[in-house]
Amino acid sequence: MSEKAKLPMGIEDFERIRKDGFYYVDKTGMIRDLLENIAYVNLFTRPRRFGKTLNMSMLQYFFETGSDSRLFDGLEISMERELCDEYMGKFPVVSISLKGVGGSTFEEARGRLRSVIGKEALRFSFLTESGSLSETERKQYKALIHADDQGIFTMADSLLADSLMMLSHFLQKYYGQKTIILIDEYDVPLDQAYQSGYYDAMAELIRTWFGQALKTNNSLFFAVLTGCLRVSKESIFTGLNNFNVYTVKDVQYNEYFGFSDREVRKLLAYYGFSGNYDAVREWYDGYRFGGLEIYCPWDVVSYCHALKMNPSVKPQNYWVNTSSNHIVRRFIDRADGTARDEIEHLISGGCMKKKIRQELTYRDLDSRVDNIWSILFTTGYLTQCGDDESGITGLVIPNREIQWIFEEQIQEWFETESRKDMRSLERFCRAFEENDASAIEKGFTSYLRKTISIRDNNIRKEKKENFYHGILLGLFAGMNGWTVKSSAESGEGYSDISVEVEDKEIGIIIEVKYAEKAAFDDSCRKALRQISDRNYAEALLDNGMTTIRKYGIACYKKRCRVISG
């Protein structure tokens, strides 16, 4: 049996994937579609980790002069012989990523942009001696690649603004063929600038840079840009004609970013993981691009890699580790009572209908809370459900992984909010030491009313209990003198929460139940029986606690009942 192809964990270089024996999900049909529907400038917006960078690498290796046609043997595009003969390996290509163009100041970000351009220009060092360029043009090229003793590129600001256009012009003169420009993560500099407070300066630089390279550039054959957001045309693309934008709502190219269900089934079968299909679908499917159901490829490949190491491993949150998820937190921070109800509806599996603005400036992000719905949609935290109706889009959380992100951000937000009044929080916690069930019930009900809860009857009872369990743990965190354990082994099972107050020798045992149909008293008594029947107090007594407090807590939506025993 031949050796299996390796999983391409984090590999975004098309040549390496094809040459070094990595598994490749064929997206080369995008090349055919791009050539058959060619526009002067093409912008593809998709959430992060959906294959944008790998597709840009694929385009470079297909079009660039001197490319190795064997990289495409057996792939879909290789069936298009006429297109391959006419276009493969026939063009100079300038390929840059703006992913690293950021910083705390405009000067720092501008320096990184110089570095990106300078390093790409260095790939064409033969231009320094080219007879195809005039003496003045050779000097201009040398200025693009000039660096000081520390290796820092020194091109003047005026040259930086023209750099992309000039490089494409020099390459056209050398090769006698117009240049293709590929710009990956085009919107990152604007995002970084907005976060750090120099948006106007960066927007002006990018507007000029793009204007020179993409609007008035006679040396350009076509350009492809990728990013997460469709930044307003008036913001940085002023005056661009023949400018096609393909977003998550568009049918065109919908199959080329992310994995389809067929592609996921094929990949799982190849590695012998077909038995994990349902879990993969629950956790990583659910995105809808132009009417097509799509999986996040980063997640699918990451989980398959984990399964190779440990066949019994459960699905994990892989996408969450690639971003700070500050957009979700910003939304929760700004949410009023209505928005919090809407978030609860989403978390419980509901669909919210909102007007989506796909074309925004970064200034729009915080101008109205409603705009954040659009950002959550375009960045992949929400996806479309159903078809648009009169300009209104149905939005849902796509899968278990993204739901987990929302729940984590809500938990962190709630813990921050609850600590704004430390006196009330400590009073609530001390009530557990003092066996004051009435004060506990009143305090916990007050906190539940402030948070964003899980309230749908279709969600498993255990998941609902875990939600309330988590809120209590968050409230207890940081209590001086308390040793708090969650699901700790004790007696004949695992208690939900146990607390040791060492200086007072008080042990606290809490069992949380979800009160189906608001049956509070029955649920509390059931919780107390479980504490007694399974002898949860044993571990606390063994650790020297002389007073044991036992609490059955029953919760339903935003109400609770507390009985001590």
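Tell me which residues come under 5 Å, amide H to amide H, from S495 once H is placed; ignore anything under 5 positions away on its chain.
A488, S490
Would you work out the charge dipole size for the stretch 179-320 about its Cα centre, treating the Cβ of every Lys and Arg as +1 and the Cβ of every Asp and Glu as -1, and quote it to the nearest 20 debye? Please report the intermediate quantities before stating the final value.
Working: 12 positive and 16 negative charges, 56 e Å.
Dipole about the Cα centre, nearest 20: 260 debye.
Diagonalise the Cα gyration tensor of the stretch 162-247 and give the resulting equivalent ellipsoid semi-axes, square root of 5 times each eigenvalue, largest first, whole Å.
On the way: eigenvalues 117, 38, 25 Å².
Equivalent-ellipsoid dimensions as semi-axes: 24, 14, 11 Å.
Going by the alpha-carbon gyration tensor, a ≥ b ≥ c the square roots of its eigenvalues, is the stretch 267-363 rounded (a/c under 1.5) or, if a/c is not under 1.5, prolate (a/b greater than b/c) versus oblate?
Working: a/c = 2.18, a/b = 2.06, b/c = 1.06.
It is prolate, given that a/c is not under 1.5 and a/b is the larger ratio.
Report Y494's accessible area, 1.4 Å probe, all protein chains in place, as a number in Å² to the nearest 10.
Counting only protein heavy atoms, Y494 exposes about 130 Å² to solvent.
Sorting W319, W298 by accessible area (1.4 Å probe), largest first, what list results?
Details: W319 0, W298 60 Å².
The residues order as W298, W319, largest area first.
Please report how far the C-alpha centroid of the stretch 51-67 lies from that of the stretch 523-565, rounded to the nearest whole angstrom.
Between the Cα centres of the stretch 51-67 and the stretch 523-565 lies a distance of 62 Å.
For K178, give me every one of the aspartates and glutamates with a C-alpha distance below 16 angstrom, ignoring sequence neighbours fewer than eight places off in its own chain.
Reachable aspartates and glutamates: E64, E86.
With Cβ to Cβ distances under 15 Å as the rule, what net charge do the other residues near E263 carry (K, R +1; D, E -1)? Can you show the working numbers first?
Values: positive: K27, R262, R265, K266, R281; negative: D26, E76, E255, D261, D285, E293, D299.
Around E263, the surrounding residues sum to -2.
When only the heavy atoms of the protein chains count and the probe is 1.4 Å, how do T105, T179, T53 rank by accessible area, highest first?
Details: T105 55, T179 0, T53 35 Å².
Listed by decreasing accessible area, they come as T105, T53, T179.
If every alpha-carbon in the stretch 461-565 counts as one equal scatterer, what log10 I(q)/I(0) does Debye give at q = 0.10, 0.21 1/Å?
Log10 I(q)/I(0), no solvent term: -0.25, -1.09.
Principal axis extents for the stretch 1-88, Cα atoms only, whole Å, descending order, please.
Computed over the stretch 1-88, the largest-to-smallest principal extents equal 44, 32, 21 Å.
So what does V300 come to for accessible area, using a 1.4 Å probe and Å² rounded to 10?
Accessible surface of V300 is approximately 0 Å².
Using the Kirkwood formula over every pair of different C-alpha atoms, what hydrodynamic radius in Å results for the stretch 232-310?
Working: mean 1/r = 0.0697 Å⁻¹.
About 14.4 Å, per the Kirkwood formula over Cα pairs.
Could you point to the residue in I327, G349, P311 farthest towards the positive end of the stretch 311-400's charge dipole, with +1 and -1 charges on the Cβ of Lys/Arg and Asp/Glu respectively?
P311
Suppose we look only past 34 Å in the calculated P(r) of the chain. What percent of the Cα-Cα pairs does that tail hold?
On the way: 82368 of 159330 pairs.
When every Cα pair of the chain is considered, 52 percent fall beyond 34 Å.
So how exposed is H345, as accessible area in Å² (1.4 Å probe, rounded to 10)?
Per-residue accessible area (H345): approximately 60 Å².
Taking Rh as the Kirkwood radius computed over C-alpha pairs, what is the Stokes-Einstein D of the stretch 14-168 at 25 °C in a medium of viscosity 0.890 mPa s, expressed in µm² per second? Can you show the working numbers first?
Working: Rh = 17.8 Å.
Translational diffusion coefficient: 138 µm²/s.
Set Lys and Arg Cβ to +1 and Asp and Glu Cβ to -1, take the dipole of the stretch 211-324 about its Cα centre, and tell me which of F257, S235, L292 lies farthest positive.
So the residue furthest toward the plus end is S235.
What is the distance in Å between the Cα centroid of the stretch 436-451 and that of the stretch 289-303?
41
If E282, E465 are ordered by their accessible area, calculated over protein heavy atoms with a 1.4 Å probe, which sequence runs from highest to lowest?
Details: E282 85, E465 35 Å².
Ranking E282, E465 by accessible area, largest first, yields E282, E465.
Please give the charge dipole size of the chain, origin at the Cα centre, charges +1 on K and R Cβ atoms and -1 on D and E Cβ atoms. Round to the nearest 20 debye.
On the way: 75 positive and 83 negative charges, 143 e Å.
For the chain, the charge dipole is close to 680 debye.
How large is the translational diffusion coefficient of the stretch 5-54 in µm² per second when you combine the Kirkwood radius over alpha carbon pairs with Stokes-Einstein at 10 °C and 1.306 mPa s? Provide the component values of the computation, followed by the final result.
Values: Rh = 12.6 Å.
In µm²/s, the coefficient rounds to 126.
K442: which lysines have alpha carbons under 23 Å from its alpha carbon, excluding same-chain residues fewer than 8 sequence positions away?
List returned: K420, K450, K464, K513, K517, K526, K550, K557, K558.
The values are calculated or read from the model by the stated rules, or taken from the named source; none is laboratory data. Since the structure is predicted, the reported quantities are computational estimates derived from the model, not experimental observations. So basically every Cβ, Gly included, is an ideal-geometry build from the backbone, and we count neighbours across all protein chains shown. The protein model used for the area step is the full one, side chains on, heavy atoms only, and it has no ligands, DNA or RNA in it. Shrake-Rupley method; radii C 1.70, N 1.55, O 1.52, S 1.80 Å.
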